[in-house]
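Derivation of every value follows stated rules applied to the coordinates shown; laboratory data play no part. All values derive from a computational prediction rather than experimental measurement. Don't worry about glycine lacking a Cβ; one is built from the backbone with ideal geometry, like all the others, and counts go over all protein chains shown.
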Amino acid sequence: MKKKFIFFIFYFLFLVPLNSNDNKTELLEIYKNLRCLVCQGQSIADSNSDFAATVKLVVQDQIKEGKTKDEVYTFLISKYGEWIVYQPTFSKGNLLLWIMPYFIFIVGGLIIFLIIRKSKSIKAN
Amino acid sequence: MKINILKIIIFSFVIFSLSVFWLGLKIDNNYDTKSLIGSKISNFQLTEINNNNQHISNEYLKKNKYTLINFFASWCAPCRAEHRYLLSLSSKNKKIKIIGINFKDKKINANNFLKELGNPYDFVGQDTDGKISISFGIYGIPESILVNNELTVIKKIIGPIDQTQFDDVLKIIQ
């Protein structure tokens, strides 16, 4: 009995707040990745607009229903388009957007390599 | 030869960057949800503003050839401006049903608004917390969505209905 009592005290003092914090962190992460469509450069997390408040309610509901982060994004993208998320999903349409940084990195590296090699060969000569 | 390769790479890269920049300038950056045109309306349930036991769902839309779903509120000034077009649409044409969704409003204010300006709606639903508006892809009011009996979005009107939009809707439903 005493053990059970101690377990319940431990559960309510430490584990319940821990779970709710996890939930809050996940919600905040989602809000930060959602663009406020009626604000200037603000995310849903930063905005106090009516639209942001409503989207927050919908996200909370969907997370409570057990939907994953990606399912929430898919729902909102189906309603507002890709523009609503800051981090676009990987698709044929934005393939260039995803590949570009790696492409620039490789081409940039190649250019630097060629320049260094050229200057070295000039020095050697 | 090596220098030529380097020059070609740098030149191609500059051309590519300028092309992307030029294309970027040509893209219209004004956001709207017109991309929803052609998509299907997702499942919904609306409760009548004055009767919590009266509901409609997607099935209601299937019964009418065309339905205009209009989001309005008594506190929204542009909603007043577009109201005469809604009244005109409801009285002139029997091919279209109009559903009004009262957005984040007080029941009494919404009823006074309709009493004062007239009621063009075949059904007035309530969206007290705005959640229903999100499932319709609404981001400000007034907004209207024209759907057919196959639940396909035919037209989206973002902002108040004006004469041009009104004529467009008439042309579509004729």
| remark: Shape call for the stretch B:95-149, from the Cα gyration tensor axes a ≥ b ≥ c (a/c under 1.5 means rounded, otherwise prolate when a/b beats b/c, else oblate), comes out oblate
| said: Can you compute the radius of gyration and Dmax for the protein assembly as shown, using only the Cα atoms, both in Å? | reply: 26.9, 93
| query | In debye, nearest 20: dipole of the stretch B:34-173 around its Cα centre with unit charges on the Cβ of K, R (+) and D, E (-)? | reply | 280
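Only helices at least 30 Å long along their own axis, judged from Cα atoms, and with Kyte-Doolittle mean hydropathy of -1.0 or greater: name those in chain B from DSSP H.
Span-like helices in chain B: B:2-26.
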| Once the Cα gyration tensor of chain B is found, what semi-axes does its equivalent ellipsoid get, as square roots of 5 times the eigenvalues, in whole Å, sorted largest first? | 44, 17, 16
| request: Work out how much length residue B:27 to residue B:55 would gain on full extension: take 0.36 nm times their residue separation and subtract the Cα-Cα distance, in nm to one decimal. | output: 5.8 nm
| request: Could you tell me the distance between the Cα centroids of the stretch B:31-107 and the stretch A:62-86, to the nearest Å? | output: 24
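How charged is the neighbourhood of residue B:87? Take every other residue with its Cβ under 15 Å from the Cβ of residue B:87, and add Lys/Arg as +1 and Asp/Glu as -1.
Values: positive: B:80, B:84, B:92, B:94, B:97, B:115; negative: B:82, B:116, B:122, B:162.
Counting the neighbours of residue B:87, the net charge comes to +2.
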| query | Cross-link list B:131/B:155; A:79/B:107; B:34/B:107; B:26/B:131; A:69/A:92: which exceed 24 angstrom alpha carbon to alpha carbon? | reply | A:79/B:107; B:34/B:107; B:26/B:131
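Take the Cβ-Cβ distance between residue A:26 and residue A:74 as r, set R0 to 22 Å, and report the resulting FRET efficiency rounded to the nearest 0.05. Mind showing how you got there, number by number?
On the way: r = 16 Å, r/R0 = 0.73.
Result of the calculation: an efficiency of 0.85.
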| query | Per the helix-only calculation at 222 nm, which mean residue ellipticity applies to the protein assembly as shown, given -39500 (n - 2.57) for every DSSP H run of n ≥ 4 and division by its residues, nearest 500 deg cm²/dmol? | reply | -17000 deg cm²/dmol
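Provide the gained length on full extension for the span residue B:34 to residue B:77, in nm with one decimal, where the gain is 0.36 nm per separating residue minus the Cα-Cα distance.
Values: separation 43, 0.36 × 43 = 15.48 nm, distance 2.29 nm.
13.2 nm is the gain from fully extending residue B:34 to residue B:77.
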| request: With a Förster radius of 30 Å, plug the Cβ-Cβ distance of residue B:129 and residue B:151 into 1/(1 + (r/R0)^6) and report the FRET value to the nearest 0.05. | output: 0.80
